[in-house]
Amino acid sequence: WAETAKDHNEIIYGLLKSKTITKIVKSKSMLTEECHLNPYLEKNGIEVVDTDLGERIIQFNNEPPSHIVVPAIHLKKEEIGVIFEKHLKSEKGNSDPKYLTETARQHLREKFLSAQAGITGANFGVAETGTIVVCTNEGNADLGTCLPPLHIVSMGIEKIIPKLNDLSVFLRLLARSATGQPITTYSSHFNGPSKNSEMHIVIVDNG
């Protein structure tokens with residue numbers, strides 16, 4: 001339970017420190033953005049890799065997201081090509097979206113495999129069942145939670161809904177409000193840790 005952004009960051013760092021974790025992968029979470037979790041962890045010697053493609057691009061560029069759903073929407077493919085040349089040693093002058101996506105995929109796969117913990121946000125927390133629901137279009141949250149032995153969920157208290165039966169309404173509302181899709185590509189349900197793993201949920205109230 002965290003009452004402030006400071007509490008949220010300290011709880012997460014405490015968990016990581018207690019297990020001597022230095023490498024984490026993170027799926028998109030506006031709450032961690034608002035709490036400035038990345039710079040806090042990096043300042044304390046932890047490598048944080050954003051695994052949402054748009055988030056990773058702006059992380060390379062050292063800038064905040066420009067849009068709540070599509071964080072790198074302000075960048076042209078040519079600009080992304082230059083960013084990848086600099087950080088991923090991609091082919092000079094190649095801004096083909098398929099090539100850039102494959103370059104990012106190879107880079108991120110290595111990060112998923114070497115990560116010691118995965119952090120996700122939470123689109124919904126179902127009070128009736130204790131289920132955490134994470135929605136993505138890239139499947140990165142699934143890789144970030146099933147490969148490392150520790151999953152930390154960063155959840156604002158406003159994400160709690162009463163019953164599992166209510167979820168279908170909210171899933172449709174979320175996708176249509178965000179991108180106009182009928183539903184997100186992946187809606188992952190976490191009911192607890194997988195075998196030989198741990199799952200921690202940090203709920204932020206903040207008034």
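FYI, it's all coordinate maths here, none of it is from the lab. Quick caveat: nothing in here was measured; it's all calculated off a predicted structure. When we count neighbours, we look across all protein chains shown, and the Cβ atoms used for this are built from the backbone with ideal geometry, even at glycine.
Values as computed for the structure displayed
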{"read-out": "Charge dipole magnitude, Cβ of K and R +1, D and E -1 - the chain, Cα centre, debye nearest 20", "value": "440"}
{"read-out": "The range 38-144: relative contact order in percent, alpha carbon pairs under 8 Å with at least 6 residues between", "value": "17"}
{"read-out": "As computed over the range 51-127, the Cα convex hull volume per residue (Å³)", "value": "116"}
{"read-out": "Value of relative contact order over the chain, rounded to a whole percent, pairs C-alpha under 8 Å and six or more apart", "value": "25"}
{"read-out": "Net charge, L100 excluded, C-beta distance under 12 Å - Lys, Arg +1, Asp, Glu -1", "value": "-1"}
{"read-out": "Candidate lysines - alpha carbon under 30 Å from K86, same-chain residues fewer than 8 apart omitted", "value": "K23, K26, K28, K43, K76, K77, K98, K111"}
{"read-out": "For the chain, calculated [θ]222 nm from helices alone, where every DSSP H run of n ≥ 4 adds -39500 (n - 2.57)", "value": "-12000 deg cm²/dmol"}
{"read-out": "Kirkwood-Stokes translational diffusion coefficient of the range 53-192, alpha-carbon pairs, 37 °C, 0.692 mPa s, µm²/s", "value": "197"}
{"read-out": "Cα-based shape type of the range 1-118, given that a ≥ b ≥ c are square roots of the gyration tensor eigenvalues and the cut on a/c is 1.5", "value": "prolate"}
{"read-out": "Dipole of the chain, positive end: most advanced residue of N94, S188, G81 [Cβ charges, Cα centre]", "value": "N94"}
{"read-out": "Straight-distance crosslink candidates among aspartates and glutamates, where the alpha carbon sits under 20 Å from K92 and sequence neighbours closer than 8 are dropped", "value": "E78, E79, E102"}
